[in-house]
Every structure is written in C-alpha cells, then in structure tokens.
1. Taking the chain as the reference, fit the longest principal axis to its C-alpha atoms, fit the long axis of helix 244-276 to the helix C-alpha atoms, and give the angle between the two in degrees, 0 to 90, nearest 10.
2. Beta carbons within 10 angstrom, averaged per residue: use that to sort the peptides 30-41, 87-98, 104-115, 228-239, highest first.
3. Using alpha carbons only, how many angstrom separate the centre of the stretch 152-169 from the centre of the stretch 40-61?
4. Measuring with a 1.4 Å probe in the full set of protein chains, what accessible area per residue, in whole Å², belongs to the stretch 83-186?
5. Run the numbers on the stretch 1-129 and let me know its relative contact order in percent, using alpha-carbon pairs under 8 Å that are six or more apart.
6. For the peptides 131-141, 197-207, what is the packing order when you average, over each peptide's residues, the other Cβ atoms within 10 Å and list the highest mean first?
7. Specify whether the C-alpha gyration tensor of the stretch 32-133 places it in the rounded, prolate or oblate class, a ≥ b ≥ c being the square roots of the eigenvalues: rounded for a/c under 1.5, otherwise prolate if a/b is larger than b/c and oblate if not.
8. Round to a whole number: what % of the accessible area of the stretch 138-287 belongs to carbon and sulfur, probe 1.4 Å?
Amino acid sequence: MLLKYWPEETKLKFMNLRLIGAMVSALMIAASVFFLGTRGLNFGVDFAGGTVMELEQTDTITVEAVRAAMPLSAEVNSAVGTDARSIVVVKFGEADPAELGEAFQALSPADQAERATGATNEFVVRVLKEKLNISDDQFLRNDSVGPKVSSELFRDGITALVVALALMLAYIWFRFEWQFSIGAVAALAHDVIVTLGVFALMQLEFNLTTIAALLTIIGYSMNDTVVVFDRVREEKRKYKKMPDRQVIDLALNSTLSRTLLTSGTTLLALLAIFFLGGPVLRGMSFALIWGILIGTYSSIFIASSIVLALGMDLNKKPSDEVQGFQGAP
C-alpha cells in the first residue's frame, strides 16, 4: 500500500553528487586496505586449517566444562544450531607433537605435517569422551581441514572471484561498449574490496560461505548495473542531443523504484536469516546484506560516474527520436 505514496517520476540529480561519491568510495577503499593490512581477515577453518566441533549442550556438556576438559588451547563458545538446539562450538588448531604420542613422533616430518590435523582431532575426541562421558551421537559436527587443503581452498576461492570479474568484463564489453565494461568491473571491484574491509574491521569469520556470498554480491550488483546501463543506452538513443549527464540521471531515476523494491524485498529475507538463522548463516547473510547496500550505491555513483567520465560512443543504429523533443543544447 505504501507504493502509492512513491512519486511517479523522480528528478534527482545523481551525477551532481558524483564527486562526493568518488571521495566517499576512496575513503572506504583506503580504510578497507588499512584494515586488511593491519587486522587481516579472520580466516575460518576452511582457509586457516584446524577443526570445528559442535557438541550438544547438556547439564554436563557446557562451555565451562568443555573449556576445562580441552587438552590444548581452543576457542569454545555457545551457540544455537540450525535446529534451534543449544550447542557448544569448539575450534582448535594442531596440537604439539609431544601430546600426540610416541607413534606420531616417530613419523617423518612430512608425514607429521600431513597427519597432524587428523591426529589432533582423534586426540581431542578421546579426551573429551573420557572426561565428559560424551557419546558419538552428541558430536553434532566434527570437521577438520589440513593446512594443504585450506591453502588450496583459499587459492581456488580467490581464483573464482577473479574469473567472475573477468567474465563480467567480457560480457559487458560485448553487450554494451568498453566504457560500460570498465565502469561495471570497477564497481564490482569496489564492492568486493569494501566488503573484505568490513570483514577485517569486524573480524567476522571468512570462510567458503563468505566466498559464495561475494560471488552472489558480484552477480546481484552486476544485474543492477546492467539494468541501469540498458536504460542509459535506451535513453541515449532516444535523446541523442541530450547531454550525457542528463541522460544518466534520467535512466537512474526511471529505474530507481525498481532498484528500491528489489533491494528492499531481498533485504527483508536476508535480515530474517541474519537474526533467526543462527551462527552458521550469520557471516554469509551479513555479507549479502552489506553487498546489496554497497552494490546499489556503486551502480549509481561508481559505474555510472565512470561511464560519464569516459563518454558514451554508441555506434549502433539509433532509434527514432521522440517527436518534438531534441534534448537540451
């Protein structure tokens, strides 16, 4: 019902604010690079290696009890699982070889490096079972990733991001013109860098689901940018004598209601996942929420501003002008 209060036609001068948008983006990118360099990303087990265990929380299996029973340094927290059960989440790295027994110490250095994660997992499970009388059914999750696999996962994740950006560049170049492709990819790179900076600032866990969220952000932002670019091209062919700044403002205003409706409804679903989906989905849902906000911003103030700066050269056959309108001089 609130849609009837939205004006049928908006005339916002977005491109008059492009320099302010450029300064804001430059500050966000500089801050992101600073936080990535000083604080770094909080890599999850997928990328850092180690083990994540989830135990069913009971009267005897509590955060304090598990923390006291752990034979090595570990991060122990309480959480709510996807089935709404209370759980104890345990994260730890590899144990000292001296704690893993003589048989492990007799292995070659290469074999120790390869088997350390699995041996540590078995050692911790054995100790927790002995001290807390935990059954196998109460281990709701027990995932281990070795350092070699984690480094490969991180490399593959970054490769996926780079390939996605390259394919987007090629697609927009083919679909529109090279000016549009540079603007679109610059906006995507802006979104990814700033999102990584937010993760570094807040020290949210960065894992494979975060990579999936970043790829989703790239696709969502590109979809929004393509809608704007398509309208820009349509208006430019319709009003050939209108200055590029006015053409872009006209296109942005004509797609504004669509952008707000699409982003708004998507944000409602993501906010529900963020607050009700539990800790497993919180990092990914936060990345998507932030990505939609920054992606909408970059489509307007990054992609469109770069196209305006580079100029539009639409050499394809134009459509007929609107009768009686020749654009501003």
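The values are calculated or read from the model by the stated rules, or taken from the named source; none is laboratory data. Since the model is a prediction, treat every value here as computed from it, not as a measurement. FYI the Cβ positions are ideal-geometry reconstructions off the backbone, even for glycines, and counts take in every protein chain you see. When the accessible area is computed, the model is the full protein with side chains, heavy atoms only, and any ligands, DNA or RNA have been set aside. Shrake-Rupley method; radii C 1.70, N 1.55, O 1.52, S 1.80 Å.
1. Helix 244-276 sits at roughly 20 degrees to that axis.
2. Numbers: 30-41: 14.4, 87-98: 18.2, 104-115: 12.6, 228-239: 19.8.
Highest mean packing first, the order is 228-239, 87-98, 30-41, 104-115.
3. After rounding, the separation between the Cα centres reads 26 Å.
4. It amounts to 58 Å² per residue over the stretch 83-186.
5. Working: 97 pairs, mean separation 26.3, N = 129.
Answer for the stretch 1-129 is 20 percent.
6. Values: 131-141: 13.4, 197-207: 19.5.
Averaged packing, sorted descending, gives the order 197-207, 131-141.
7. Numbers: a/c = 2.35, a/b = 1.05, b/c = 2.24.
Oblate shape, in that a/c is at least 1.5 and b/c is the bigger or equal ratio.
8. On the way: 4710 of 6800 Å².
It is 69 percent, rounded to a whole number.
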